[in-house]
C-alpha cells in the first residue's frame, strides 16, 4: 500500500551533526593544551574543583582513584583535545596523565561508571564559581565595544542576552539507548550571556528536548537584577512578565510579534524609515498595565518592530534599540562555539548525568578560552601604537 504525504517522517528542526560525530571518531587526538591554556586551567579551574571536594565526599563519592579533580581533568581534556572516546581518553590517562593529573592505571569501565554516577551539580558549581572571576578579569582590560553596546553600558548595569538551544542527537551504539528507534535528542540548554564580555552569567539544562523557551524564564529572572538590560527573541515573549520586569526596574528589548495587539498612545518620532511611539500592549484581560515603546524600522523593504520598556529616547535612542537587539546574535555565536568547536554536538556517554556534566564542562572550557582570547586581543592592540611609531 502506498504511503500518503502525511506518512513521511517530518524533518527535525535541529541541525544534526552526524558528520561532526563521524569526524570526532576519526580525527587524531590533539596535542596537550598549550602552556597558556594549561596554566589558566590550573590557575582558575583547579582551585574551584578542590573547593567542591568536600561536597563530593558528602555525596558518598569517596573513590580513591577517580576523585573529583581526576574526573574534571579527564572531562576537560576529553573536550579540549577532541579525544575520540572515553576508551581513548583512558589510554591517554594511563600513559601520559591529563592536566594536573599524572599517569594512573584505570579501566574504561570504571570511568564510564563514574560518568554515569557523577552528579552534574558539581560541575555546575565549579562553573558558577569560575564565571564571576572571569568577568572581573574582563572588566580589568577595558576593551573597546561597538557603539550601541558602549552607549548601553553607560546607561545600564549590564546588557544580557537570553536564549535557548536544542542539543544534538545522542549516539545509540552503546548504553541504555542501544536498539532505540528514532532520534533521541540530548535535551535543551539555555544561557544568560553578558553581551559585552561574551561570558555566560548562568547556564541551565533541561532534559526534555521539546521544552519551550518559556521554561527558562523563572531561573533567568532570578539572575537579572534591576538596572540591567535584557535582550531576548520571540520564543521568550511573555506579556505578563513584561509588567513584572518593568515593576522591578529590569529593562528589556525584544521583537514584537506580527499579530501582537497594541494601541498607540503617542508618537515620539517619525520618518520615512522609522517610527518611534509609546503604546499599550495587549487587549482586554491580557492587556499590560505598563506603557511600552514600539520602535519600527524599514529595512530591505520590510518593517521590523521592537518592544522595549525604556521609554526615554534620550536613554535609549531608537537606532540603538535596533542595534542592541541584533547584539543578541552574540549568544548564537557562543552556542556555535560550544557545539561545533568544543564538541557539544558529540556526547561521550548517553546517560543523563554524563550529558549534563559534559554540558557544564564545555561551558567551563568556553569561559577559559574566551578569557584567553580577550587577553591576547588586548595585548595585541596595546602593541599596535608602538609598532606604528617605529
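The values are calculated or read from the model by the stated rules, or taken from the named source; none is laboratory data. Computed from a prediction, not measured in an experiment: that's the story for all the values here. Neighbour counts run over all protein chains shown; Cβ positions are idealised from the backbone, glycine included.
What is the number of the single condition among (1) surrounded by 15 or more Cβ atoms within 10 Å (Cβ to Cβ); (2) at pLDDT 95 or above; (3) not in a helix (DSSP H, G or I) that residue 127 does not meet?
In the conditions (1) surrounded by 15 or more Cβ atoms within 10 Å (Cβ to Cβ); (2) at pLDDT 95 or above; (3) not in a helix (DSSP H, G or I), residue 127 misses (3) alone.
Checking residue 74 against (1) touching a strand residue (DSSP E or B) at 6+ places or on another chain (Cβ under 7 Å); (2) more than 22 Å from residue 122 (Cα to Cα), only one condition comes out false. Which one?
Unmet for residue 74, out of (1) touching a strand residue (DSSP E or B) at 6+ places or on another chain (Cβ under 7 Å); (2) more than 22 Å from residue 122 (Cα to Cα): (2).
This table checks each residue for (1) modelled with pLDDT of 95 or more; (2) part of a loop (DSSP other than H, G, I, E, B).
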| position | (1), (2) |
| --- | --- |
| 227 | yes, yes |
| 277 | yes, no |
| 285 | no, no |
| 311 | yes, yes |
| 322 | yes, no |
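Of these, 173, 257, 248, which one is farther than 22 Å from residue 367 by Cα, over 23 Å from the mean Cα position of the chain (by Cα) and modelled with pLDDT of 95 or more?
248
What about residue 336, is it assigned to a helix (DSSP H, G or I), within 25 Å of residue 89 (Cα to Cα) and out of contact with any helix residue (DSSP H, G or I) (no Cβ under 6 Å at 6 or more places or on another chain)?
So residue 336 fits the description; yes.
So which residues in the range 259-268 are more than 15 Å from residue 293 (Cβ to Cβ) and touching a residue at least 12 places away in the same chain (Cβ under 8 Å)?
Selection gives 261 alone.
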